[in-house]
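Notes for the one structure printed next.
The values are calculated or read from the model by the stated rules, or taken from the named source; none is laboratory data. Bear in mind that the values here come from a model prediction, so they are computed numbers and not experimental data. Here Cβ is always computed from backbone atoms with ideal geometry, including for glycine, and neighbour counts include all displayed protein chains.
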Amino acid sequence: MDFANHLIVGVFQVLEPYNLAFLIGGFLIGTFFGSVPGLTSVLAVALLLPMTYSIDVVPALIMCASIFMAGMYSGSITAVTINIPGAPSSMMTALDGNKLMRKGHGANALGHAALGSMIGGTIGALLLIALMPMAAELTLLIRTTGKFALVMFALIVIVLVQREDVPKAVLTTVLGMMIATIGIDVMQPVPRFHYGTGTLVEGIDMMPVIIGVFALAELMVQMRTGGDGPSGEEMRRAARSMKRRDLVPKLAEVRQIGLWGYLKASLTGYGIGLLPGVGGSMAAFVAYADAKRSERPDDILGEGSRRGVAVSEAANNGMCGGAFVPMLMFGIPGDPTTAIVLGVLVINGIQPGAKLVETQADMIAPMFISLLFSAMFLIPLTLYLLGPLFIRIVSIPRGILYAGIAVMALMGSYVATISVFQMALAAIFGLFAYFLRRQGYPVVSLLLGFILGPDLELYLRRSLSLSDGDPTIFLTNMDSLFFIILSGIFIYLMGILPWLKKKKSLAQT
Amino acid sequence: MQVQRLKAIGLPLAIALLTVVYAFGVLNIRSQFDEGLVGPQFLPTVLVLLSLAMCAVIALRDIRKLDTSSEPAQQADADTRALQLRTAGLFVAIVAFIATFKPLGYAASTTAFSWVVLWLFSFGVGQPALRAAVAVAVSAAGYALFALAFGAHIPLGPEAF
């Protein structure tokens, strides 16, 4: 059966009541986590990861995809209403969205955010579906040396994205890779770093790392910041000021933003999604900066522009489709959520790669459809039917919320392996990640280093064993040379050039 | 100033120490066959070097920042200290929960843990009955989710392990 047929079957699979419940349930969970400041869709997927052990892979992937899409969109709810982005990717939305809210157009801003998210998410998902077979073909051109250079390129991008502090990003990535080296070696049946203990011979599972880094550390961070969130009265006031009919954007406003405006932002988001470790915040930022360049005097971005809201949301939701491509083809996650989705695939014995489209398309096709349905139908429906309700729900007392998350996180790490040791590991990683976050270290790099480290080592050693230890193999093979040149370009554009500019401006002042 | 310096380099120093422990592990790796330079020890060795180099860069930079900073050292106020204590309390509660999970079983340990988390997040201040009821509800909801909805084995009491 070819991929198109799998997609048609996927539509019917998603519409089965059992799977549909996971799609809608996942979307509502994602919307809730995305809209509550401090909680993210990454946390939602991390908490639900242990449950994927006890449900089938298809509903698990359907749910992950809908959480991802919902979480990316719903950060705009509190960004617009109270100027606190529910998710980091909605920071740019807050700039204009909240200004519109203050002018009395809050519902309208939410409508534009939803429309932008819907268009961006749909375009991203359609591109993912349309280009997946081609991406699989291209993947076949990349051999062992190319895979090493590609993983190296991914790690370089992950580090360079943290422009504020590259040394800290390098360190956390290295730490993630160090954790991944514990256990049996990738090429030889020899244990490493077990220090005489049997439990470490098996290596460190992804689960305690994810639960610790994204759930337990988050709890500690929230505790330290006092778990600040919007007050109940603030949210009730915002909800009262919303009228359902205002949630639908006016055609004239949509025309003013323009088809090209939506399309460009969506494509920008999709393209940024293809880059490993970059994520929705960067997608929204780039699209917003691009829109700012072409702003009109009557529509200044940052002063309550509907275009600002629309492009930011179109870009961060467009990113969702792009982020799946490197994850499914090479096992290189495009962002933290897809890193955890990769965990779901691995847990269920699904290996990323070109063969995925040929041999296991029946499992990934429903996930693509879930991404598409979430963007096309659930974003507008949720906003229209549940928008005002969600604004009230996010004012739930923090204590109840965090107590529930703490129990879910710890029990989740227990039920995955029925091991108290895993819970203890999650607690250790949680404490470590908390200290890292307090000092401004990017913990996402730690997870991505943990995931990519074994691949980097495997492909490096395989390549060198093929060439009898001759490192020039990376320069003589076209695939690896391509990624080495690409890495050089990225290092220049994202590392050297900004540094030179900074130096020049310092010299001028 | 000394305290601030220690704070600045505390984490890189701790990571450097962990790296040294890791480096001892590199020495104990025994290959089963020779792969040349790039064997099972190669990447860990590179990682050790990178980690130590980055720790040194970060520590030196942070110390230099402190030396050039003209801002007076900020003292943590009472509220900040209280939040720091609560954060430490949360970690202690997590450790205590893990330690008591097997001896007490799910029902007792989770209810007590939920109660402590609620207390730490100042939920139900002056309403102990409400806090206790919510702790029981959270524990019951967790059981319903994992054991009933997803069919996972959750040992309610110590005898169920």
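One residue stands out among those in the range B:98-135 that are of a type in the set (S, T, N, Q) and either touching a residue at least 24 places away in the same chain (Cβ under 8 Å) or touching a His at 6+ places or on another chain (Cβ under 7 Å) (or both): the one that is farthest from the other protein chains (Cβ to nearest Cβ), which is B:Thr111.
Can B:Val95 be described as within 22 Å of the chain's Cα centre (by Cα), of a type in the set (Val, Ile, Thr) and facing chain A (nearest Cβ under 10 Å)? Here the answer is yes, as B:Val95 does meet what is asked. Remark: A:Ile396 matches the filter, which requires a residue to be within 14 Å of another protein chain (Cβ to nearest Cβ), outside any helix (DSSP H, G or I) and of a type outside the set (Ser, Thr, Tyr). Going through (1) touching a helix residue (DSSP H, G or I) at 6+ places or on another chain (Cβ under 9 Å); (2) part of a helix (DSSP H, G or I); (3) not hydroxyl-bearing (Ser, Thr, Tyr) one by one, B:Ile154 falls short only on (2). Evaluation of A:Ile184 against the conditions (1) within 14 Å of chain B (Cβ to nearest Cβ); (2) of a type outside the set (Asp, Glu); (3) under 20 Å from the mean Cα position of the chain (by Cα) shows that the sole unmet condition is (3).
When A:Pro297 is tested against (1) closer than 28 Å to A:Met132 by Cα; (2) out of contact with any helix residue (DSSP H, G or I) (no Cβ under 8 Å at 6 or more places or on another chain); (3) of a type outside the set (Gly, Ala, Ser), only condition (1) is not met. For the range A:484-509, residues that are farther than 24 Å from A:Leu175 by Cα and touching a residue at least 12 places away in the same chain (Cβ under 8 Å) total 2.
Hey, can you tell me all the residues within the range A:432-454 that are part of a helix (DSSP H, G or I), in contact (Cβ under 8 Å) with a residue 24 or more places away in the chain and surrounded by fewer than 21 Cβ atoms within 10 Å (Cβ to Cβ)? Break it down stepwise before answering.
At the first step, the residues of the range A:432-454 found to be part of a helix (DSSP H, G or I) are A:432-438, A:443-454.
Subset that is in contact (Cβ under 8 Å) with a residue 24 or more places away in the chain: A:432-434, A:436-438, A:443-454.
Passing the criteria: A:Arg437, A:Arg438, A:Pro454.
Sub-6 Å Cβ pairs linking a first residue in the range A:344-358 that is under 19 Å from A:Val415 (Cβ atoms) to a second residue that is part of a loop (DSSP other than H, G, I, E, B) and basic (Lys, Arg), at least 6 apart or interchain, number zero. Residues that are small (Gly, Ala, Ser) and away from chain B (no Cβ under 11 Å) were ranked within the range A:423-456; the one that is nearest to B:Leu18 (Cα to Cα) is A:Ala433.
Of the residues making up the range A:153-175, those that are over 16 Å from A:Trp499 (Cα atoms) and within 12 Å of chain B (Cβ to nearest Cβ) number 9.
Scanning the range B:55-90 for residues that are among the β-branched types (Val, Ile, Thr), out of contact with any Lys or Arg (no Cβ under 9 Å at 6 or more places or on another chain) and at pLDDT 90 or above turns up just one, B:Val57. Per the listing A:Leu466, A:Leu460, the residue uniquely buried (at least 23 other Cβ atoms within 10 Å of the Cβ) and aliphatic (A, V, I, L, M) is A:Leu460.
In this structure, A:Val415 does satisfy being within 30 Å of B:Lys102 (Cα to Cα), within 8 Å of another protein chain (Cβ to nearest Cβ), part of a helix (DSSP H, G or I) and in contact (Cβ under 8 Å) with a residue 60 or more places away in the chain.
Just one residue in the set A:Phe324, A:Phe330, A:Phe377, A:Phe373 is of a type outside the set (S, T, N, Q) and either free of Cβ contacts under 8 Å to residues at least 40 places away in the same chain or within 30 Å of A:Glu295 (Cα to Cα) (or both); that residue is A:Phe377. Among the residues of the range B:16-35, those identified as within 7 Å of chain A (Cβ to nearest Cβ) and assigned to a helix (DSSP H, G or I) are B:Tyr22, B:Gly25. Does B:Gly124 meet the test of being in the same structural domain as B:Pro155 (by TED's automatic domain parsing), farther than 30 Å from A:Leu466 by Cα and touching an Asp or Glu at 6+ places or on another chain (Cβ under 9 Å)? Criteria not met by B:Gly124.
For the criterion of being in a helix (DSSP H, G or I), buried (at least 24 other Cβ atoms within 10 Å of the Cβ), at pLDDT below 85 and not basic (Lys, Arg), A:Ile391 passes.
Residues considered: A:Gly334, A:Gly353, A:Gly343. Of these, the only one that is at pLDDT below 85, at positive phi and out of contact with any Asp or Glu (no Cβ under 6 Å at 6 or more places or on another chain) is A:Gly353. Of all the residues in the range B:36-54, those that are at pLDDT 90 or above and either in a loop (DSSP other than H, G, I, E, B) or more than 7 Å from every other protein chain (Cβ to nearest Cβ) (or both) number 9.
Set side by side, the residues B:Leu145, B:Leu118, B:Leu130 differ, and just one is of a type outside the set (Asp, Glu), crowded, with 17+ Cβ neighbours inside 10 Å, more than 23 Å from the chain's Cα centre (by Cα) and assigned to a helix (DSSP H, G or I), which is B:Leu145. The set of residues from the range A:160-186 being at pLDDT 90 or above and part of a loop (DSSP other than H, G, I, E, B) comprises A:Thr181, A:Ile182, A:Asp185. When you scan the range A:283-296, do you find a residue that is of a type outside the set (S, T, N, Q), over 13 Å from the mean Cα position of the chain (by Cα) and under 23 Å from A:Met63 (Cβ atoms), even just one? The answer is no, given that none of the residues of the range A:283-296 is of a type outside the set (S, T, N, Q), over 13 Å from the mean Cα position of the chain (by Cα) and under 23 Å from A:Met63 (Cβ atoms). Name the residue that is nearest to A:Pro333 (Cα to Cα), counting only residues in the range A:256-280 that are of a type in the set (Gly, Ala, Ser) and crowded, with 22+ Cβ neighbours inside 10 Å. Once the filter is applied, the top-ranked residue is A:Gly277.
Which members of the range A:33-92 meet the condition of being assigned to a helix (DSSP H, G or I), β-branched (Val, Ile, Thr) and either in contact with a strand residue (DSSP E or B) (Cβ under 9 Å, 6 or more places away or on another chain) or surrounded by 24 or more Cβ atoms within 10 Å (Cβ to Cβ) (or both)? Give the derivation first.
Applying the first criterion (assigned to a helix (DSSP H, G or I)) to the range A:33-92 yields A:33-35, A:41-53, A:57-82, A:88-92.
Then drop every residue that is not β-branched (Val, Ile, Thr), which leaves A:42, A:45, A:52, A:57-58, A:62, A:67, A:77-78, A:80-82.
A:Val42, A:Val45, A:Thr52, A:Ile62, A:Ile67, A:Ile77, A:Thr78, A:Val80, A:Thr81, A:Ile82 - these are the residues of the range A:33-92 that are assigned to a helix (DSSP H, G or I), β-branched (Val, Ile, Thr) and either in contact with a strand residue (DSSP E or B) (Cβ under 9 Å, 6 or more places away or on another chain) or surrounded by 24 or more Cβ atoms within 10 Å (Cβ to Cβ) (or both).
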